[in-house]
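Following: one structure in structure tokens, then a few remarks.
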Amino acid sequence: MAKLHIKKNDTVIVLAGEDKGKTGKVLQILKEKERAIVEGVNMVSKSQKPSAKNPQGGIVKQEAPIHISNLSLIDPKSGKATRVSIKHEGKNVVRIAKKSGEVIK
């Protein structure tokens, strides 16, 4: 299993697929499958049975996982896609944007 360059709450841009160019916040990372769920990206329609929470039931739109290789982190300085480098500062590990050299929080 590869190390992932994206974490929860990062802002990412989609590089390939139907939603190419869209940006959003990472809601969840599925590490075993190397996929991420991004807010407003890769929306699918899902039918739901009536329940206590949703007594009407019907068709619900929700985000589906997208492969990590199709996502790129957004540079905090320029707002464009960037690669990530990792730097060890003592015991801390810091992610750095390759484009601007800014530290990614």
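The values are calculated or read from the model by the stated rules, or taken from the named source; none is laboratory data. From a predicted model like this one, the values you see are computed outputs, not experimental measurements. Cβ: placed from backbone, ideal geometry, glycine included. Neighbour counts: every protein chain shown. Quick note on the areas: whole protein, heavy atoms, side chains included, nothing else; ligands and nucleic acids left out. Shrake-Rupley method; radii C 1.70, N 1.55, O 1.52, S 1.80 Å.
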message = Give me the percent of accessible area attributable to carbon and sulfur for the range 5-105, probe 1.4 angstrom.
response = 49
ask   = Assuming R0 = 41 Å, what is the FRET efficiency of residue 80 and residue 60, from their Cβ-Cβ distance, to the nearest 0.05?
value = 0.75
key: Cα Rg, Dmax (largest Cα-Cα span) when computed across the range 1-57, Å   = 14.6, 42
inquiry  = Could you compute Rg(Cα) / (2.2 N^0.38 Å) for the chain, with N its residue count?
reply    = 1.29
message = Please list, ordered by chain and number, the residues whose modelled amide H lies under 5 Å from the amide H of residue 99; skip anything fewer than 5 residues away on the same chain.
response = 83
note = For residue 87, counting only lysines whose alpha-carbon sits under 22 Å away and dropping same-chain residues fewer than eight positions off, the answer is 3, 7, 8, 31, 77, 98, 99, 105
message = If you restrict to DSSP beta bridges whose two residues both lie in the range 1-91, what percentage is antiparallel, to the nearest 5?
response = 100
query = For the range 37-105, with only Lys/Arg (+1) and Asp/Glu (-1) charged at the beta-carbon, what is the dipole magnitude about the Cα centre, in debye rounded to 20?
reply = 100
task = Give the Debye-formula value of log10 I(q)/I(0) at each listed q (0.13, 0.23, 0.26 Å⁻¹), with one equal scatterer per alpha carbon of the range 47-92, two decimals each.
result = -0.63, -0.92, -1.00
query = Which ³J(HN,Hα) values, rounded to whole Hz and listed in residue order, are derived for the range 68-77 from phi using the Karplus coefficients 6.51, -1.76 and 1.60 in 6.51 cos²θ - 1.76 cosθ + 1.60 with θ = phi - 60°, glycine and proline given as x?
reply = 4, 5, 8, 10, 9, 5, 8, 5, x, 8
query = Considering the chain as a Gaussian network with a 10 Å cut-off on Cα pairs, which listed residue, 51, 78, 69, attains the greatest mean-square fluctuation?
reply = 51
Amide H contacts under 5 Å for residue 71, placed H, 5+ residues apart = 15
